[in-house]
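> First the structure, then my questions, so here it is.
The values are calculated or read from the model by the stated rules, or taken from the named source; none is laboratory data. Fair warning: this is a prediction, and the values are worked out from it, not measured in the lab. Virtual Cβ from ideal backbone geometry, glycine too; neighbours counted across all protein chains shown. These area figures cover heavy atoms from the full protein model, side chains too; ligands, DNA and RNA do not enter into them. Shrake-Rupley method; radii C 1.70, N 1.55, O 1.52, S 1.80 Å.
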Amino acid sequence: MKWGMVIDLQKCTGCGECAAACKLENNVAIVDSGESEMGRTMLWMDMLTIYEGEYPRLRVRQIPRPCMHCDHPPCTKVCPVRATYLNDEGIVAQIYPQCIGCRYCMAACPYTVKSFNWYKPEFPPGMARATNPDVSVRPVGVVEKCTFCIHRLQVAKEQAKFEARDLREGDFQPACADSCPTGAIVFGDLENRDHQVNRLAHSPRAEKLLEDLGTEPKVIYLKEVD
Amino acid sequence: MNKKTIEALQILSISLIWMLFTGIAVWIVSLLKESLRLHDAPDASVGISIVAIPVFFTLASILTYVFIGLRKGRKEESEP
Amino acid sequence: MEHASARPHPDAALLNPIENPGKMYYYIVVGLLVIILYTGFVYVRQLWYGLGVTGMAQPVTWGFYIINFVFFIGISHAGTLISAILRLSKAEWRRPITRMAEVITAIVLAIGGLHPIIDLGRPDRISHLFFNGRLQSPLLWDVASITAYFTASTIYLYIPLIPDIAILRDRGVKPRWLYEFLAWGWQGTERQHKVLDRAMNILMVMVIPIAVSVHTIISYIFAMTVQPGWHSTIFGPYFVVGAIFSGIAAILVLMIVFRKVFHLEGYLKHIHFNYLSILLLIMSLIWFYFTFSEYLTGFYGHEPNEMRVFWYKFAGDFAPYFWAMIVCNFALPVALLCNSKTRTIPGILIASISVIIGMWMERLIIVVPSLANPRLPYPTGIYIPSHTEWMLFLGGISVFILGYMIFARFFPVISIWEIEEGRHESAKIVTERITSYMPDPEPSTAGE
């Protein structure tokens, strides 16, 4: 099993719904505007702004950017305490109680996907009571990032076990894929021929970010065709 | 402070140094075991880390050699 | 204070700081303690609120703490490495310098080694390194190599200190028990000298590879990632060269200060400064050579991400620092030290201070620009160090000065017995050695 994600840029409108859904689903702290100006915004799913061409034919696009969950992750290699590791199902997982906050993984990640809890996470009034009970709120001083909503996988596995069946394709979907209004984000098992992602990953439009680094990301983008 | 106390302190400090270095060696060995179990360390880093252990022990041995050598090298009259 | 010093010691000037420290000494100590206490308060505040009180953010996730870590450990190469090389090459002029250099190493290494811990978001979890550490991470290699270097250099400082401690013990300097404890029954017998010599010989051979490995491994923290500007094969030697370079500058500054404050003109003569500053000049040229080849290969490779970092340093936000670094590390010291008219003590002082500043900027230029320019199209990172970071930097320097002053208060900073040994024996030994280099005399004159 190797969980992976395909983001179809032909379908993506750049609305940012995935980023918002991710933030709510994973109890990602909301920093105040001053902190945000400094560059301490916490987004597990960020929107990359890509400029193409020159004026007057300039095109600006927003594309979603989760953690790439590389098969050769540069971040796990440098972690001194195994607070981040590649699990058996291909997810680069974080162990928050283990993290010592050295931020080496952040410096080593070529995609710059990791966020750090510079202060104790805070939520606007009222929101603290609306946090997702399935996801722990991280303490101050640890690194966090997209986990492909691994908590949902646990629930889905339990459910499948309870119903005495195998995991089906739709059982486990991260919040971003669930929320995408145009269905641009497809999630599933890259090694399972029945899953949609397996087929899409072999599409001629498929490309990966910074593929030449050899990190072998498991998030695959489908190029736009004009 | 009398001679006996100072002598005891000196011997104590030497044994502390040996304990410290043995602790470091045990730590490195446990790290090695852990990394072999997790299959995550490239062989080179295992090899390099093994080199660190004798370095520490050589340092401790040099100190011990000096301390014993200095005691033995004292003039006869100061021997009890 | 009671001194059992009935007869004046031939090297009284060296014992003076220990026997009569003077009032000024205590004023400076109090001043430094105030700074250190305030730094402690600032650090506790950081512990309480989290790393948010620093200026670090995403993507510049490493700042002053890591820069100072590399910088301080670099300075520490002054000591042990230089002194081991000078001892090993039997440079007779080393005698008044080695001790000073070794003390720098021991103190600065302790300060530098603490910096990664200051930098941690969760210093309370430091024990995870011991129980759940992973050998795969270059940070753990660092822990091991810095520990080895720290213990080796402390031992290397202590062992040649034993005869001097015995001198102080015999003069009845207080606290007596301390000297009695540390002197380990040294009486200067022939056998004791033999033991000491042998131990020093083994140590100085051992210390050189350890010192080289320490800074190489520090460079690996950066070089082992795939980030542009960091992933470079020459980073190991480049860091070692920079470390020795800044280390020599630090020794020179300290020598000038000690000479002035304790009136050691008789011990630290112009020739010592001349030799060391020529070494500094050579290191400056080597440093420039490394910098040049590092950036030239990056520039010719023309990899887009590499170029983004390159131009950020050469013409972007970091250009003022970059060019200031070139001036401080290369242009100014070379100009001052090449000319024997400006290779005077004030000239050397200016060159050394400029090298120390320049080497600090080099660390800044290595750490920040690569982080500020991520590969993916994010906005360029900004890093403005906060009050906390500046204070901890200042506090680190204060701890260094205080540590050095405390050492100088209890132990001679210039090796007394090695000077004495030099007075009595080295002329003979050197003559013998030089004779042995020379071609054998003609058989007609050589025979009995």
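> Using all C-alpha to C-alpha distances in segment C:232-383, build P(r) with 5 Å bins and read off the rounded percent in each one.
Histogramming segment C:232-383 at 5 Å steps yields 2, 9, 18, 19, 16, 12, 9, 6, 4, 3, 1, 0, 0 percent.
> If I model a spin label as a point 7 Å beyond the Cα along the Cα-Cβ vector, how far apart are those points for residue C:424 and residue C:314 in nm?
My value for the distance between the label points is 6.1 nm.
> Follow-up. Among A:64, A:209, A:113, whose Cα projects farthest towards the positive end of the dipole of segment A:3-222, with charges put on the beta-carbon of Lys, Arg (+1) and Asp, Glu (-1)?
A:113
> So, one more: If I take R0 = 22 Å and measure r between the Cβ atoms of residue C:23 and residue C:406 in this structure, what FRET efficiency does the formula 1/(1 + (r/R0)^6) give, to the nearest 0.05?
Numbers: r = 17 Å, r/R0 = 0.76.
Efficiency for this residue pair is about 0.85.
> A follow-up question, please. Note down the accessible area of residue C:47, probe 1.4 Å, to the nearest 10 Å².
90
> Using only the heavy atoms of the protein chains and a 1.4 Å probe, how would A:176, C:338 rank by accessible area, largest first? Walk me through the numbers on the way to the answer.
Details: A:176 15, C:338 85 Å².
I get C:338, A:176, largest accessible area first.
> Here's another thing I want to ask about it. Which distance in nm do the two modelled labels at residue C:285 and residue B:11 give, with both placed 7 Å along the Cα-to-Cβ direction?
Reported label-point gap for residue C:285 and residue B:11 is 5.7 nm.
> For segment C:400-435 and segment B:1-17, what is the separation of their Cα centres, given in Å?
28
> Still on this model: Out of every Cα pair in segment C:193-322, what percent are spaced more than 23 Å from each other?
When every Cα pair of segment C:193-322 is considered, 53 percent fall beyond 23 Å.
> How about segment C:158-195: which chymotrypsin sites (Phe, Trp or Tyr not before Pro) there are in a DSSP loop, with at most 16 other Cβ atoms within 10 Å of their Cβ? All intermediate terms of the calculation are to be shown ahead of the outcome.
Numbers: sites: C:158, C:177, C:179, C:181, C:184, C:186; in loops: C:184, C:186.
Nothing satisfies the criteria.
> When the convex hull of the Cα atoms of segment A:3-222 is projected onto a plane and the area is averaged over all directions, what value comes out in nm²?
Working: hull surface 55.8 nm².
Projected over every direction and averaged, the Cα hull of segment A:3-222 covers 13.9 nm².
> Right, next: Rounding to the nearest 10 and keeping the result within 0 to 90°, find how far the Cα-based axis of helix C:23-49 lies from the longest principal axis of chain C.
30
> Using a cut-off of under 17 Å, list every residue of segment C:316-340 whose amide N is near the label point 7 Å from the Cα of residue C:299 along the Cα-to-beta-carbon line.
C:316-327, C:330-331
> Right, another one. Can you list the residues in segment C:358-382 whose accessible area drops by at least 30 Å² when all protein chains are present, compared with the chain alone? Use a 1.4 Å probe, heavy atoms only.
Buried-area filter returns C:375, C:376, C:377, C:378.
> Express in whole angstrom the spacing between the alpha-carbon centres of segment C:259-317 and segment A:23-42.
Result: 41 Å between the Cα centres.
> How long are the semi-axes of the equivalent ellipsoid of segment A:1-59, taking √(5λ) for every eigenvalue λ of the Cα gyration tensor, in whole Å from largest down? Before the final figure, lay out the partial values.
Details: eigenvalues 122, 89, 19 Å².
Each semi-axis is √(5λ); the values are 25, 21, 10 Å.
> Using only the Cα atoms, work out Rg/Rh for segment C:169-251, with Rh taken as the Kirkwood radius, to two decimals. Numbers along the way, then the final one.
On the way: Rg = 20.6 Å, Rh = 16.5 Å.
Result: Rg/Rh = 1.25.
> Sticking with this structure for a sec: Shielding of B:47-59 by partners, i.e. mean partner chain Cβ atoms within 10 Å per residue? Can you show the working numbers first?
Values: counts 0, 6, 5, 0, 4, 7, 2, 0, 11, 5, 0, 4, 11.
Per-residue shielding by partner chains comes out at 4.
> What are the aspartates and glutamates whose alpha-carbon lies under 18 Å from the alpha-carbon of residue A:23, with same-chain residues fewer than 8 places away excluded?
A:32, A:35, A:46, A:122, A:134, A:144, A:178
> With Kirkwood's inverse mean 1/r over C-alpha pairs for Rh, give me the Rg to Rh ratio of segment A:107-147, two decimals please.
Values: Rg = 12.2 Å, Rh = 11.9 Å.
In segment A:107-147, Rg relative to Rh is 1.03.
> A further question on this structure: With every atom except the alpha carbons ignored, what do you get for Rg and Dmax of chain C, in angstroms?
Spelled out, the Cα radius of gyration and Dmax of chain C are 23.8, 86 Å.
> Using a 1.4 Å probe and ignoring any ligands, DNA or RNA, find the accessible area of residue A:106 and quote it in Å² to the nearest 10.
Taking all protein chains as shown, residue A:106 has close to 10 Å².
> Counting only heavy atoms of the protein chains, get the accessible area per residue of segment C:68-227 (1.4 Å probe) and round it to a whole Å² value. Walk me through the numbers before you get to the answer.
On the way: 4670 Å² over 160 residues.
Each residue of segment C:68-227 exposes 29 Å² on average to a 1.4 Å probe.
> If you don't mind, another one. Residue A:162 to residue C:323: FRET efficiency via 1/(1 + (r/R0)^6), r the Cβ-Cβ distance, R0 51 Å, to the nearest 0.05? Intermediate results must be reported in sequence, preceding the final value.
Numbers: r = 67 Å, r/R0 = 1.32.
After rounding, the FRET efficiency stands at 0.15.
> Identify the GluC sites (Glu not before Pro) of segment C:246-349 meeting these criteria: DSSP loop state and at most 15 other C-beta atoms within 10 Å of the C-beta. All intermediate terms of the calculation are to be shown ahead of the outcome.
On the way: sites: C:265, C:294, C:306; in loops: C:265.
In loop regions of segment C:246-349 (DSSP not H, G, I, E or B), the sparsely surrounded GluC sites (Glu not before Pro) are C:265.
> Can you tell me how much longer the chain between residue A:182 and residue A:196 gets when fully stretched, taken as 0.36 nm per residue apart minus their C-alpha distance, in nm with one decimal? Please report the intermediate quantities before stating the final value.
Numbers: separation 14, 0.36 × 14 = 5.04 nm, distance 1.57 nm.
Here the segment from residue A:182 to residue A:196 would lengthen by 3.5 nm.
> Let me ask something else about it. Do any of C:313/C:341; A:11/A:208; A:2/A:120; C:341/C:428 go past 28 Å between their Cα atoms, and which? Write out the running numbers ahead of the final one.
Details: C:313/C:341 34 Å; A:11/A:208 17 Å; A:2/A:120 34 Å; C:341/C:428 33 Å.
Distance filter (> 28 Å) returns C:313/C:341; A:2/A:120; C:341/C:428.
> On average, how many beta carbons from a partner chain sit within 10 Å of the beta carbon of a residue in C:107-120? Write out the running numbers ahead of the final one.
Details: counts 0, 0, 0, 0, 0, 0, 0, 0, 0, 4, 2, 0, 4, 6.
Across the residues of C:107-120, the mean count of other-chain Cβ atoms within 10 Å is 1.
> Still on this structure, I have one more. What FRET efficiency would be calculated for the residue pair residue C:127, residue A:87, taking the C-beta separation as r and a Förster radius of 41 Å, to the nearest 0.05?
Working: r = 24 Å, r/R0 = 0.60.
Step by step, r from the Cβ atoms, then E = 0.95.
> Would you grab the residues whose amide H sits under 5 Å from the one on residue A:84? Only those 5+ places off in sequence or on another chain, please, with H modelled 1.01 Å from N.
Hits under the 5 Å cutoff: A:95.
> What total accessible surface area, summed over both chains, is buried at the interface between chains A and C, computed with a 1.4 Å probe and given in Å² to the nearest 100?
Values: alone 12350 and 21910 Å², together 30650 Å².
Using a 1.4 Å probe, the pair buries roughly 3600 Å².
> Something else: Which angle from 0 to 90°, rounded to the nearest 10, does the C-alpha axis of helix B:3-38 make with the longest principal axis of chain B?
10
> Taking each residue of C:396-402 in turn, how many C-beta atoms of other protein chains fall within 10 Å of its C-beta, and what is the average?
Working: counts 0, 0, 0, 0, 0, 0, 0.
Counting Cβ atoms of other protein chains within 10 Å of each residue's Cβ and averaging gives 0.
> Right, here's the next one. Once you place label points 7 Å from the Cα toward the Cβ at residue A:72 and residue B:30, how far apart are they in nm?
So the label points at residue A:72 and residue B:30 sit 3.3 nm apart.
> Taking every pair of Cα atoms in segment C:327-444, average 1/r, invert it to obtain the Kirkwood radius, and report Rg/Rh to two decimals. Could you put the intermediate results ahead of the total?
Values: Rg = 24.5 Å, Rh = 20.2 Å.
Result: Rg/Rh = 1.21.
> Probe of 1.4 angstrom, ligands and nucleic acids ignored: what's the accessible area per residue over segment A:3-222, in square angstrom? Provide the component values of the computation, followed by the final result.
Values: 9970 Å² over 220 residues.
Value for segment A:3-222: 45 Å² per residue.
> Picking from B:58, B:48, B:26, whose Cα lies most toward the positive end of the charge dipole for chain B (charges on Cβ: Lys, Arg +1; Asp, Glu -1)?
Farthest towards the positive end: B:58.
> Kindly sort A:37, A:25 by accessible area of their heavy atoms, largest first, with the probe set to 1.4 Å.
If we order A:37, A:25 from most to least accessible, we get A:37, A:25.
> Considering only protein heavy atoms, what is the solvent-accessible area of residue A:52 at a probe of 1.4 Å, reported in Å² to the nearest 10?
80
> Note down the magnitude of the dipole of chain C about its Cα centre, charges +1 on Lys and Arg C-beta and -1 on Asp and Glu C-beta and zero elsewhere, to the nearest 20 debye.
Numbers: 31 positive and 28 negative charges, 145 e Å.
Here the size comes out at about 700 debye.
> Mind ranking C:313, C:341 by accessible surface for me, highest first, 1.4 Å probe?
Most to least solvent-accessible, the answer reads C:341, C:313.
> Report Rg(Cα)/(2.2 N^0.38 Å) for the protein assembly as shown, keeping two decimals. Please list the in-between numbers first.
Details: Rg = 30.4 Å, N = 754, 2.2 N^0.38 = 27.3 Å.
The reported ratio for this selection is 1.11.
> While we're looking at this one, here's another question. On average, how much accessible surface per residue is there in segment C:290-448, in Å², for a 1.4 Å probe, leaving out ligands, DNA and RNA? The partial results should precede the final answer.
Numbers: 7880 Å² over 159 residues.
Result: 50 Å² per residue.
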